[in-house]
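Below is one structure, written out as structure tokens; comments come after it.
The values are calculated or read from the model by the stated rules, or taken from the named source; none is laboratory data. These numbers come from a predicted model, not from an experiment. Note that we place each Cβ from the backbone using ideal geometry, even for glycine, and neighbour counts take in every protein chain shown.
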Amino acid sequence: MRIFLIGFMGSGKSTMGKKLATKLGYDFIDLDHEIEKQIGTSISDYFGSHGEAAFRELESQSLKNFAYPQNAVVATGGGTPCFFDNMDWMNASGTSMYIEMPPAALAKRLEGGKEKRPLLRDLDEAGMIAFIESKLSERESFYKRATIIINGINLNADAMRAAILNS
Ligand code: S3P
């Protein structure tokens, strides 16, 4: 079984994905990390030199062509579900789970790690909240097509596993 975790940057896809994978005895795959291994540079640098459109192509191809193990929890990038037919592809290839978080909570989580994220790098605090609000409202219709929608506040791996068993 493949479980695709989707949601905004900072929603906990990687952190919670690792915990869920351990709980289920599944492999954990971080799509951003796999892309970085493939291109031999950081996503941030790739964005800078090739632009976002090129990154989205690469991201979509990596999502679809990765040699997934039988059982895997996959943390996708925040934009992965919102381009091409990636949301359909994930729903056809496994179970998708949207980790839902309000903008203020995301902003708080993202404060420290801005440099790693090309879309946030140049924003000040006010700019960051405005950016998250507008980007999230753009992306929500994609995220909400997930098989499972779960509240990201105080989330734990047991709740995630229960949601999967009940889906
Ligand atoms: C992006 C999210 C990032 C990464 C890239 C673009 C986005 O992944 O794929 O910087 O468009 O939201 P995380 O959600 O893992 O930070």
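Computed values, structure above
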{"item": "Neighbours by Cβ (under 7 Å, 6+ apart or cross-chain): first from segment 30-44, under 18 Å from Ala67 (Cα atoms) and touching a residue at least 40 places away in the same chain (Cβ under 8 Å); second hydrophobic (A, V, I, L, M, F, W, C) and in a strand (DSSP E or B)", "result": "Asp30/Ala75; Leu31/Val74; Leu31/Ala75"}
{"item": "Residue among Leu136, Leu120 that alone is within 16 Å of the chain's Cα centre (by Cα), modelled with pLDDT under 95 and either of a type in the set (Ser, Thr, Tyr) or more than 15 Å from Ile3 (Cβ to Cβ) (or both)", "result": "Leu120"}
{"item": "Test for Ala162: is it of a type in the set (A, V, I, L, M), away from the ligand (no atom under 13 Å from the Cβ) and surrounded by fewer than 16 Cβ atoms within 10 Å (Cβ to Cβ)", "result": "yes"}
{"item": "Residues that are farther than 24 Å from Lys144 by Cβ, more than 13 Å from the ligand (Cβ to nearest atom) and of a type in the set (A, V, I, L, M), drawn from segment 43-85", "result": "Ala67"}
{"item": "Exclusive hit being under 22 Å from Tyr46 (Cα atoms), in contact (Cβ under 8 Å) with a residue 12 or more places away in the chain and of a type outside the set (Val, Ile, Thr), set Arg117, Arg161, Arg109", "result": "Arg117"}
{"item": "Of all residues making up segment 1-42, the number that are of a type in the set (Ser, Thr, Tyr), more than 11 Å from the ligand (Cβ to nearest atom), part of a helix (DSSP H, G or I) and surrounded by 15 or more Cβ atoms within 10 Å (Cβ to Cβ)", "result": "0"}
{"item": "Residues satisfying the stated conditions in segment 82-116, i.e. surrounded by fewer than 20 Cβ atoms within 10 Å (Cβ to Cβ) and closer than 19 Å to Ser60 by Cβ", "result": "Cys82, Phe83, Phe84, Asp85, Asp88, Trp89, Asn91, Ala92, Ser93, Gly94"}
{"item": "Tally, over segment 39-60, of residues that are at pLDDT 95 or above, at negative phi and among the small types (Gly, Ala, Ser)", "result": "5"}
{"item": "Wholly within segment 53-167, helices (runs of 4 or more DSSP H) carrying at least 1 residues that are farther than 20 Å from Leu24 by Cα", "result": "86-93, 103-110, 125-143"}
{"item": "Number of the exception - Ile129 against (1) out of contact with any strand residue (DSSP E or B) (no Cβ under 7 Å at 6 or more places or on another chain); (2) modelled with pLDDT of 95 or more; (3) of a type in the set (Val, Ile, Thr)", "result": "(2)"}
